[in-house]
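The values are calculated or read from the model by the stated rules, or taken from the named source; none is laboratory data. Everything numeric in this text was worked out from a predicted model, so none of it was measured. All Cβ positions, even for glycine, are placed from backbone atoms using ideal geometry, and neighbour counts span all protein chains on display.
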Amino acid sequence: MNAPAKPLAGLKVIELGTLIAGPFASRLCAEFGAEVIKIESPDGGDPLRKWRKLYEGTSLWWFVQARNKKSLTLNLKHPDGQDILKRLLADADILIENFRPGVLEKLGLGWDVIHALNPKLVMVRLSGFGQSGPYKDQPGFGAVGESMGGLRYITGFEDRPPVRTGISIGDSIAALWGVIGALMALRHREVNGGQGQVVDVALYEAVFAMMESMVPEFDVFGFIRERTGNIMPGITPSSIHTAADGRHVQIGANGDAIFKRFMLAIGREDLANDPQLASNDGRDARRDELYGVIDRWVGGLPLEEVLSVLNRAEVPASRIFSAEDMFADPQFLAREMFLSAKLPDGKPFKMPGIVPKLSDTPGSTEWIGPELGEHNSEVLAGLGYSAEQITALKGDGAI
């Protein structure tokens, strides 16, 4: 019996993206069966190829971010390069681009042209500030989106400047919104008989949409949420604590029944049975007292003993995982969160597993990020170009 097709099998996605947001969006499509053709400049390709740790001159991140994609080099300033792109778009389902607004229009490839060429095409546009508004022409990376969207303001400790989260999370959040929007647009096209449309995702709005109760709290109470370090403001107890061996643990005991179990487990029956601490508002009013109790208890034991006590008491807790911790953890291993692959020279390496996990039509990795222009001949031959024409296009600087 043949395995069922992947959920996005049959979809053709054209990626005009670099670095993080656009390429991450198309990577998700590729992992679940879409044919993703990544358009790269013949002059070096996506800069991500040289970001962070390099192996034999190529970023390890690239091999993950571009997995399952086909690399086609096109000079979009060359008429023949533009013609090839138009031929690709004529029967594509999704175009993902993260240029600054106006770049495609200057190339003669704006939405009006693309929509006329293929009325069914869905165009995902990822940019710093969106396709409209007074800021639309300004450059905006993920860090800017995180700053304007409110995330940086509340991240860090109150007596220090704001800090970043450790990854380019604004780009990745925008990519997720882009894929969600594309799937919505495809459903409208397939189920409602609609045409293609533009999915306009601004990085700052992608972050802003995740900011929980920030807007109504300011509008109703004039309350501005500030940096609070490791604690979760208004929800107690939930924080990071340091064990006797210097290792760290996140404890989330903010549920009423959980808090009681926690206090009983650490020998504080007085706090477990204190009626004022039976609900969150009472606990939050005595936040400093409770965190002092927890800090002293955790600080008196090694991490593994802390976790053992908490697990037996069914209190949500976790060590603060490093990559080394993850590689040895049975939960990561049981759920296949590390996939085995080989680098171009045959060296084995691990890649992150596929998320989400679909029971009937799971995603997979078929190949790692390709060499620059690796699929030129395959893609162009599929468009009807002969070997002689492909050679001429290369010689003329179009590919």
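Does residue 213 satisfy the condition of being surrounded by 14 or more Cβ atoms within 10 Å (Cβ to Cβ), hydroxyl-bearing (Ser, Thr, Tyr) and more than 30 Å from residue 12 (Cα to Cα)? Criteria not met by residue 213. Figure legend. Inter-residue proximity from region 318-336: first residues without any contact (Cβ under 8 Å) to a residue 12 or more places away in the chain, second residues in a loop (DSSP other than H, G, I, E, B) and of a type in the set (Gly, Ala, Ser), beta-carbon distance below 6 Å, spacing 6+ or different chains. No pairs are indicated. Can residue 97 be described as under 21 Å from the mean Cα position of the chain (by Cα) and of a type in the set (Asp, Glu)? Yes. Return yes or no: is residue 111 assigned by TED's automatic domain parsing to the domain that holds residue 175, closer than 30 Å to residue 193 by Cα, of a type in the set (Phe, Trp, Tyr) and in contact (Cβ under 8 Å) with a residue 60 or more places away in the chain? Yes. Which one is surrounded by the most Cβ atoms within 10 Å (Cβ to Cβ), of the residues in region 114-145 that are in contact with a Lys or Arg (Cβ under 8 Å, 6 or more places away or on another chain) and over 24 Å from residue 47 (Cα atoms)? Among those residues, the one meeting the criterion is 122.
Taking the listed residues 340, 377, the one that is of a type in the set (Ser, Thr, Tyr), at pLDDT 95 or above, surrounded by 13 or more Cβ atoms within 10 Å (Cβ to Cβ) and over 18 Å from residue 24 (Cβ atoms) is 377, with no other qualifying.
The set of residues in region 119-137 that are under 23 Å from the mean Cα position of the chain (by Cα) and either at pLDDT below 95 or not aromatic (Phe, Trp, Tyr) (or both) comprises 122, 123, 124, 125, 126, 127, 128, 130, 131, 136. Each residue in region 42-86 was checked for being assigned to a helix (DSSP H, G or I), crowded, with 17+ Cβ neighbours inside 10 Å and of a type outside the set (Phe, Trp, Tyr), and 9 of them qualify.
Put simply, of 259, 223 the only residue that is part of a helix (DSSP H, G or I) and at pLDDT 95 or above is 259. Number of residues in region 226-250 that are closer than 18 Å to residue 281 by Cα and outside any loop (DSSP other than H, G, I, E, B) equals 2.
Looking only at region 281-298, decide whether some residue is part of a loop (DSSP other than H, G, I, E, B) and among the aliphatic types (A, V, I, L, M). Scanning region 281-298, I find no residue that is part of a loop (DSSP other than H, G, I, E, B) and among the aliphatic types (A, V, I, L, M), so the answer is no. Per the listing 92, 3, the residue uniquely of a type outside the set (Phe, Trp, Tyr), assigned to a loop (DSSP other than H, G, I, E, B) and within 29 Å of residue 346 (Cα to Cα) is 3.
Highlighted here are the helices (runs of 4 or more DSSP H) found entirely within region 108-197 that include at least 2 residues which are among the aliphatic types (A, V, I, L, M) and under 30 Å from residue 239 (Cβ atoms): 142-148, 169-191.
Of the listed requirements (1) surrounded by 12 or more Cβ atoms within 10 Å (Cβ to Cβ); (2) at pLDDT 95 or above; (3) small (Gly, Ala, Ser), residue 234 misses just one: (2).
Here residue 354 clears all of (1) more than 27 Å from residue 324 (Cβ to Cβ); (2) in contact with a Gly (Cβ under 7 Å, 6 or more places away or on another chain) except the condition numbered (1). All told, residue 167 falls short of being under 25 Å from the mean Cα position of the chain (by Cα), in contact (Cβ under 8 Å) with a residue 40 or more places away in the chain, outside the structural domain of residue 255 (by TED's automatic domain parsing) and surrounded by fewer than 18 Cβ atoms within 10 Å (Cβ to Cβ). The sole residue among 202, 143, 175, 116 that is aliphatic (A, V, I, L, M) and modelled with pLDDT under 95 is 143. Can you find, within region 276-309, the residue that is surrounded by the most Cβ atoms within 10 Å (Cβ to Cβ) among those that are in contact (Cβ under 8 Å) with a residue 60 or more places away in the chain and of a type in the set (A, V, I, L, M, F, W, C)? The qualifying residue surrounded by the most Cβ atoms within 10 Å (Cβ to Cβ) is 306. All of 364, 318 fail the test of being surrounded by 13 or more Cβ atoms within 10 Å (Cβ to Cβ), under 21 Å from the mean Cα position of the chain (by Cα), modelled with pLDDT of 95 or more and not charged (D, E, K, R), apart from 364.
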